[in-house]
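Read the figures in this text as sums done on the coordinates, not as results from a lab. Given the structure is predicted, the values throughout are model-derived calculations rather than measurements. Positions of Cβ are backbone-derived with ideal geometry, glycine not excepted, and every protein chain shown enters the neighbour counts.
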Amino acid sequence: MALLEVQNLQTHFRTPEGINRAVDGVSFHVDEGETLAIVGESGCGKSVTSMSLMRLIPEPPGKIAGSIRFQDKDLLQLSEHEMRAIRGNDISMIFQEPMTSLNPVLTVGRQIGETLRMHQGLDKQAALARAIEMLTLVGIPEPARRVREYPHQLSGGMRQRVMIAMALACNPKLLIADEPTTALDVTIQAQILRLMLDLKRRVGAAIVLITHDLGVVAEIAERVMVMYAGRKVEEAPVAELFRSPRHPYTQGLLGAVPKLGSSLSGAARRLAEIPGQVPSLKKRIDGCVFAGRCALATDLCREVAPGLEQKAPRHIVACHYAPRGAAAA
Amino acid sequence: MSAPLLQVNDLKKHFPVRGGLFSRKSNWVYAVDGVSFEVERGETLSLVGESGCGKSTVGRAILRLFDITAGQVVLDGQRIDGLSPRNLLGMRRRVQVVFQDPFSSLNPRMRVRDILAEPIRNFGLAKSSAELEARVLALMDTVRLPRDVLDRRPHEFSGGQRQRIGIARALAAEPELIVCDEAVSALDVSVKAQIVNLLQDLQREFGLALLFISHDLAIVEHMTHRVAVMYLGKIVEMAPKQTIFSAPKHPYTRALLSAVPVPEPGATRSPTVLKGDVPSPINPPSGCRFHTRCPFVFDRCRTEEPEFRLAGDGEWVACHLDALPELPGPPGDPRPVPPNSTPVE
Ligand SMILES: Nc1ncnc2c1ncn2[C@@H]1O[C@H](COP(=O)(O)OP(=O)(O)O)[C@@H](O)[C@H]1O
Ligand SMILES: Nc1ncnc2c1ncn2[C@@H]1O[C@H](COP(=O)(O)OP(=O)(O)O)[C@@H](O)[C@H]1O
Ligand SMILES: [Mg+2]
Ligand SMILES: [Mg+2]
């Protein structure tokens, strides 16, 4: 049984220029303890997907449809009151910019403590003790002192740690991390990624990691879902996806990132370009969403949207021409 | 042999900061604190390092966006750090800049046509309005923008297209050196590849030199000739890319490189996870500035600043160690996390 089962998620926004189909019929699941990465370029609907899971989409102008089953409950059917009991408790979230979830006028201890008192009914004393314990866990030096400090007194890397401490304080079943290291230097990113892996091992939480960095994906994901223009275009276990990407968009993405060390031997290679840019989501696209940029597109692609099909074990692709069968070695 | 296009000698830039709200005593941010390097014609030198290490300040010093604290900036044999604004004009033409977010540097009310015409006019590069128009059109072709968007304004373009406009504006002045300050950092993967390829093509076509400031080490490796690694206002290592990426000589370079995640699942690597954050440039550590985070620190590092010395063919390094020791720990496990250990900052 999957921990999270998302079916035909559609999150649309009403805008002056028309309906923005930010997420347009996306289905996926996350198993217990699993790390699923969602990748894609900016504007493809990654954040809207994660905010939809948390039911944090402003309605209106937004509207969420489909179903989001989490531990046998459809989150979309819950009242706001019931949802509040889940947020920060069973499912918690960390963002790229920690200040969006840290309250600038509360000390670090109060913020972590508040969550614990609300969800776990701890008293003030116990909540503070647990807050210090969490800060220790995420590797913040002098936790007993830091717990009395305000977010602005901390460095970027430390704020990210505080946010992780807060997100994990109630031992969530599912952690949603939206570009958690994008704003950080690689050295701090390495610390945070290591921390997330280590904590996951201990707490056993499943992770939905949203990122545009394929290096980060390779480093910590088990399974990957590739999004393009509000739709899922490919999904596969991480090794399989990098070894044999089958959607032209995924192939394009992988060809466009240089790999450290790859330009040192042999002739300099040009980076593969994906021509053009992501289409507007405000116009209905009938055919394949990638057809406008795809070198292989035919009339069929421009007219008929390809369905998601299993092309190899656990490998799903939405492309009329994606090869079928096990990966060629 | 002719002089290098750009020579930077012991450049320093210190910014004053107020000690506190009521304190009269002012402190200094030692943003750039003694940096020397050269850039040859047609060459790409990249400046890398964690944020706050002084990369942009070096770039802005070269562009003469402020007066420097000490040192020399020499362009084609002529010192430009002390030039008066009037004498600076010619130099301004020869060194241009492309920023991370061209939007903030493009006037939102101007049409692309005028954005590109402005430098051509300012530097007197066209003799007639017909020639001006021809140059503007040629620039659009050069950066591969369609000519029919000339009358649009910056907000009507995507991030990648705006960056092309920013590059076209830089090229309009017919520069010899372009400072690219995180010029591709904010772009999406596929667009980033387009712009990187464009910059490389332009370099070949016009023999441009690039001072490429970036924190993206994979992109740097892909497009640079040489690399200078900065830490807290100083260059700790500078070498041709082949050497610096395959055999770094400074512990900081090695740590920085090993922290870059590789897009290759299951790749075995043993990152040197650096402890803590970069110390404050207001009060930089004594001796070697990296000593507070260095895995190989010994007594001398805490008191004596290592000299920036020649350590091989075109390789410069500032470290008391002659060779980097092997890393401790089994190389087989990419992420050794001992059970029940607390990760330390
Ligand atoms: N509150 C909102 N109102 C209207 N449109 C929105 C809102 N939030 C997001 N969108 C739109 O949804 C689309 C997907 O955005 P997002 O999920 O943030 O992309 P990303 O993949 O970069 O995280 C974008 O076109 C964005 O403009
Ligand atoms: N105008 C300024 N006034 C005071 N401090 C500054 C100013 N510009 C930069 N700094 C400081 O100088 C240091 C180097 O900054 P910068 O050159 O922007 O670093 P980088 O580009 O490597 O991230 C930082 O500590 C920064 O805060
Ligand atoms: Mg996002
Ligand atoms: Mg900078």
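Details
- For chain A, fraction of C-alpha pairs farther apart than 36 Å, in %: 23 percent
- Here the range A:188-329 was treated as a single set of alpha-carbon atoms; its pair distances binned every 10 Å from 0 give 10, 35, 34, 18, 4, 0 percent.
- Dipole magnitude of the range B:6-317, debye to nearest 20 (Cβ charges: Lys/Arg +1, Asp/Glu -1, about Cα centre): 840 debye
- Around the amide H of A:Gly18, modelled in the peptide plane, lies no amide H under 5 Å away from a residue 5 or more places distant or on another chain.
- Volume in Å³ per residue [convex hull over Cα atoms, computed for the range B:84-200]: 106 Å³
- Using the Cβ of A:Asp123 as centre and a radius below 13 Å, the other residues enclosed give a net charge of +2, where K and R count +1 and D and E count -1.
- Gaussian network model of chain B, springs between alpha carbon atoms under 10 Å - residue of B:Asn87, B:Asn107, B:Asn197 with greatest fluctuation: B:Asn87
- The H on the amide N of B:Glu315, modeled in the peptide plane, is under 5 Å from the matching H of no residue at least 5 residues off or on a different chain.
- Percentage of interatomic Cα-Cα distances in the range A:93-147 larger than 16 Å: 45 percent
- Whether the protein assembly as shown is rounded, prolate or oblate, judged on the alpha carbon gyration tensor where a/c under 1.5 counts as rounded: oblate
- Amide H to amide H, with H built 1.01 Å from N, A:Tyr228 comes under 5 Å of A:Val233, counting only residues 5 or more places away or on other chains.
- With the simple model of a label 7 Å out from the Cα in the direction of the Cβ, A:Ala239 to A:Arg117 spans 4.9 nm.
- Computed over chain B, the convex hull of the alpha-carbon atoms projects to a mean area of 22.0 nm².
- Of all DSSP beta bridges in chain A, antiparallel share, percent nearest 5: 60 percent
- Only DSSP H runs of four or more residues enter the estimate; each adds -39500 (n - 2.57), and after division by the residues of chain B the mean residue ellipticity at 222 nm equals -9000 deg cm²/dmol.
- Within chain B, percent of DSSP bridges classed antiparallel, to nearest 5: 60 percent
- Label positions at B:Ala134 and A:Asp31, each projected 7 Å from the Cα along the C-beta direction, are separated by 6.8 nm.
- When A:Val147, A:Val238 are sorted by how many other C-beta atoms sit within 10 angstrom of their C-beta, beginning with the fewest, the order is A:Val238, A:Val147.
- Local electrostatic count, A:Arg223, Cβ distance below 10 Å [Lys/Arg +1, Asp/Glu -1]: -4
- Per-residue mean of C-beta atoms belonging to partner chains within 10 Å, peptide B:212-223: 4
- Amide N of the range A:97-123 lying under 18 Å from the label point, which is placed 7 angstrom from the Cα of A:Arg84 along Cα→Cβ: A:103, A:111-122
- Here is how the number arises for chain A: DSSP H runs of 4 or more residues each give -39500 (n - 2.57), the sum is divided by the residue count, and the result at 222 nm is -9000 deg cm²/dmol.
- Fluctuation leader among A:Arg148, A:Arg223, A:Arg110 - chain A, Gaussian network, Cα springs under 10 angstrom: A:Arg148
- Placing +1 on the Cβ of every Lys and Arg and -1 on the Cβ of every Asp and Glu, with no other charges, gives the range A:77-124 a dipole of roughly 160 debye about its Cα centre.
- Normalised by 2.2 N^0.38 Å, where N counts its residues, the alpha-carbon radius of gyration of the range B:140-281 equals 1.22.
- Cleavage-rule hits, GluC sites (Glu not before Pro), the range A:1-102, DSSP coil, Cβ neighbours within 10 Å at most 15: A:Glu17, A:Glu32
- A straight line joining the Cα centroids of the range B:99-141 and the range B:217-259 runs 36 Å.
- Electrostatic dipole magnitude of the range B:233-282 [Cβ: Lys, Arg +1; Asp, Glu -1; Cα centre; debye, to 20]: 140 debye
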